[in-house]
Each structure stands twice: as C-alpha cells, then as structure tokens.
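Input: a single structure, listed below in structure tokens.
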Amino acid sequence: NDQGADRLIDAINAQPVDGPPVVAFGHSQGGQVIYTAVRRWIADPANAPDPSTVSWVSIGNPENAFGGVKKQDGLAPDTPYQGIEVIKEYDGWADAPSGPFNLLSWLNGQVGRSTTHVWGYFDVDLNSPDNTYYRPTDVNGNPGNITYVFVPNDTLPLIEMTGILAPLLNPILDPILRPIVDAGYSRPAWPVVPGPVVPAPVQLPAATASVN
C-alpha cells in the first residue's frame, strides 16, 4: 500500500497544474492505495493537492467503512477529498458478514471473495435505481465527502459457484438461502441519499502518458 501510494502521488504531482481534474481509481487493494495516499495528504496538507482538483472512485475496497474486512482502517467522512466507494453485495472483501457465527453467511462471503469480488463489478451502473446510496455525516452532522454505493447482487456466491447450473438453481435456492445469509450481516444505519450522477468522461489530449 505504501509503495502504491508513492507511485500514485508521484503520478498526480506530475500532472500539469492547469490540466483537467484527476480521478484516482482503484479496485480491491488499489482502493487501499488511494486511502493511504489520502491519509498522507490529510497529515501533510501543505504538500497535498488541492481537494478541488483530485477525487477518487474505489470498488471492492477491504478498508471501506461500510462492510470491508478492514473497515476499522477506513477513511473518516470529513476527508477533504471527495470519493465514491462502490460495494457489490456479498463481495467477501468489501461486504463481509458481521461475525463468524452464521456459518452459511461466512461461507457465502468466502466464496464471494473469489467470485463477486473478482467478476462482479464489470456491469455495475452507478446510476442504477436498484442501488442504495449512503453518505455518512461528519462529527458536526454535515454531509461527508464519501458516497457509498451499495449494489445488489442477484445471485448468492454460493449459488453462483455452481456455474452453468446457477440460472436453474437460483430461483429455487435463493428464497431459502438469502434470508439465512442476510441474518449474518449488521449493516450501518446511515441515511440514504440521492444517487450520484456520473459525468461524461473527460476528453484528454491525444498524447498522454501512463504510469505503471
């Protein structure tokens, strides 16, 4: 995470001052890299980029405060950098059960680490009416700068792992298994907010540089 944050910060610092706004994007540990960079900027604002010029989007982040397995390390709502945290239901890294006492929920989350976490974000629509959006408030009760987008999952990972049989088994098993799996979760009681409107992509110059 520290090495990734070094490279991310270097890449952002290399952008022209009058260039387009920067959006950092990270999946899984890439989200943790972004969090590490943001923490450094908060700790050293004199050497940090202007929050109006940098934002971020993270998917499947284990440190997200909604349900990540390392949510205790998540960013506070009053971080000055605006971000969107996308969480697919039953992603065992980003939407982990609350405890180990519900065996079925725990097993479903473990399978979700290899299925939903890896393949579940390709078709996510941030503006889908099926999503639920949360924006935790800061210590003063003001809306924070992090919007959590909770994306429902039509198929439990336990059923999805059956492969080509999943479409046939899902209508039968889902009504039986889902209530048991959901009983293993204790989700934050954050207020629901209107969903984000995703702007059109920024058109970059033909000649661009990438940092790997």
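The values are calculated or read from the model by the stated rules, or taken from the named source; none is laboratory data. These figures come from a predicted structure and were not determined experimentally. Every residue, glycine among them, receives a Cβ derived from its backbone with ideal geometry; neighbour counts consider all protein chains shown. SASA here: full protein model, heavy atoms, side chains in, ligands and nucleic acids out. Shrake-Rupley method; radii C 1.70, N 1.55, O 1.52, S 1.80 Å.
Structure summary
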| quantity | calculated |
| --- | --- |
| Boolean, Gly31 is assigned to a loop (DSSP other than H, G, I, E, B), under 14 Å from the mean Cα position of the chain (by Cα) and closer than 20 Å to Pro136 by Cα | no |
| Conditions (1) open to solvent by 70 Å² or more (accessible area, probe 1.4 Å); (2) in a loop (DSSP other than H, G, I, E, B); (3) without any contact (Cβ under 8 Å) to a residue 24 or more places away in the chain; number of the one not met by Gly141 | (1) |
| Among (1) touching a residue at least 40 places away in the same chain (Cβ under 8 Å); (2) open to solvent by 20 Å² or more (accessible area, probe 1.4 Å), the one test that Pro136 misses | (2) |
| Tally, over the stretch 1-28, of residues that are assigned to a helix (DSSP H, G or I) and over 17 Å from Ser55 (Cβ atoms) | 6 |
| Qualifying residues in the stretch 151-164 (those that are open to solvent by less than 20 Å² (accessible area, probe 1.4 Å), touching a residue at least 40 places away in the same chain (Cβ under 8 Å) and outside any loop (DSSP other than H, G, I, E, B)) - the one nearest to Leu107 (Cα to Cα) | Pro157 |
| Any hit, the stretch 31-40, residues being out of contact with any strand residue (DSSP E or B) (no Cβ under 7 Å at 6 or more places or on another chain), open to solvent by 90 Å² or more (accessible area, probe 1.4 Å) and without any contact (Cβ under 8 Å) to a residue 60 or more places away in the chain | no |
| Leading residue by the ranking (farthest from Asn108 (Cα to Cα)) among those in the stretch 41-94 that are charged (D, E, K, R) and part of a strand (DSSP E or B) | Glu85 |
